[in-house]
Structures are given as C-alpha cells and as structure tokens.
Amino acid sequence: MDEVKKSPCVGICSTVYGDEVCKGCKRFYDEIIVWNSWDDTQKKAVYERLEALMDQAMADKLTINTPASLQAELTQHGIPYQHFKSHCWWLFLLWVKKPEALNNWQRLGITVNTAYENIPPTELLNQIDDAVNLKAQQLFNEKQKSS
C-alpha cells in the first residue's frame, strides 16, 4: 500500500518546539518519532484518524462537490496529495501550501454553507484548523490517560 508509506507531514512541524500534537500534520509526537519503523497497518490507522478529524471539522462548513477541480489545482501547484483519501485533507494541503489559490470556492468545486459564506477562505480554514488541533489534542490527552 503505497499511500500509507508516505508521511502525512505538511512541512510545518511544531513538535520540534515542544507541542505534543503537530500543528501541521496533526500527528502525535510519539507517532512522528517512530513513523518510519511502523508497518502499513499502523500508518493506515493514523491516516484514518487524521482524515476523520478533518472531515468532521469541515462537515458543517463546506461541501467539496467536484474533487477533480481540487485535484487539478493541487497538481498544477505540484502539491502531493495522493497519500490522503480525504478530499477535506486535499483542501487543507492546498491551504497550507498555496493559500492564494483559495480565492474562488466555485472554481475549486466547493460550496460554503450559508452560515459561513461571508467568512474569507483563509479565516474559515483557520477556524477549521483550530477545531482539528483542539480535537487532536483532546485525543492525545485521552491516549495519555489510558496508557
């Protein structure tokens, strides 16, 4: 399974500054340390958690109607995305790597839900990112308590 061999790293690692959960890829620091020694099953479990977090955070805010438009934009800018199955993660990667590409939701095949349509794309994605970071930290804390 090639998609699980690549790291979910987005190049913004905050664990080097002492964070327990990376603000970039949302992995736990201990997962980052041992990532290269893990088998596909272990990596796949992390990807599934990361994708679920992002999908949940975006679910009530926007809908990705045309994933092919998002794929085309990522490809045009040379942003690797194939290791993620989640279209929401594709959008997150585009925001992280090329935020200026988010100037037109319709061109990307995205519909923003009415309650959020007046929020600029970068601000909306900041809100989503904050929600994912908060939930990832909660999951890390729960993991620590149970171990």
request  = Take the residues in the stretch 100-110 that are in contact (Cβ under 8 Å) with a residue 24 or more places away in the chain and either in a helix (DSSP H, G or I) or of a type outside the set (A, V, I, L, M, F, W, C) (or both), then tell me which one is surrounded by the fewest Cβ atoms within 10 Å (Cβ to Cβ).
outcome  = R107
inquiry  = List pairs: first residue in the stretch 118-130 and farther than 14 Å from Q56 by Cα and modelled with pLDDT under 95, second residue assigned to a helix (DSSP H, G or I) and not hydrophobic (A, V, I, L, M, F, W, C) anywhere in the structure, Cβ distance under 6 angstrom, at least six positions apart or on different chains.
reply    = T122/P99
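Residue by residue, here is whether (1) closer than 23 Å to E123 by Cβ; (2) of a type outside the set (F, W, Y); (3) modelled with pLDDT of 95 or more; (4) touching a Ser or Thr at 6+ places or on another chain (Cβ under 9 Å) holds:
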| site | (1), (2), (3), (4) |
| --- | --- |
| K5 | no, yes, no, no |
| V10 | yes, yes, no, no |
| C25 | yes, yes, no, yes |
| Y29 | no, no, no, yes |
| D39 | no, yes, no, no |
| K44 | no, yes, no, no |
| Q56 | yes, yes, yes, no |
| L62 | yes, yes, yes, yes |
| A68 | no, yes, yes, no |
task = Considering (1) surrounded by 13 or more Cβ atoms within 10 Å (Cβ to Cβ); (2) in contact (Cβ under 8 Å) with a residue 24 or more places away in the chain; (3) under 29 Å from E31 (Cβ atoms); (4) not aromatic (F, W, Y), say which one P80 fails and leave the rest.
result = (1)
request  = Evaluate the following for I32: is it hydrophobic (A, V, I, L, M, F, W, C), more than 26 Å from L139 (Cα to Cα) and either free of Cβ contacts under 8 Å to residues at least 24 places away in the same chain or surrounded by 17 or more Cβ atoms within 10 Å (Cβ to Cβ) (or both)?
outcome  = no
request  = For E142, state whether it is modelled with pLDDT under 95, of a type outside the set (F, W, Y) and more than 17 Å from the chain's Cα centre (by Cα).
outcome  = no
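The values are calculated or read from the model by the stated rules, or taken from the named source; none is laboratory data. Bear in mind the structure is a predicted one, so any value in this text is a computation, not a measurement. Positions of Cβ are generated from backbone atoms using ideal geometry, with glycine treated the same way; all protein chains shown enter the neighbour counts.
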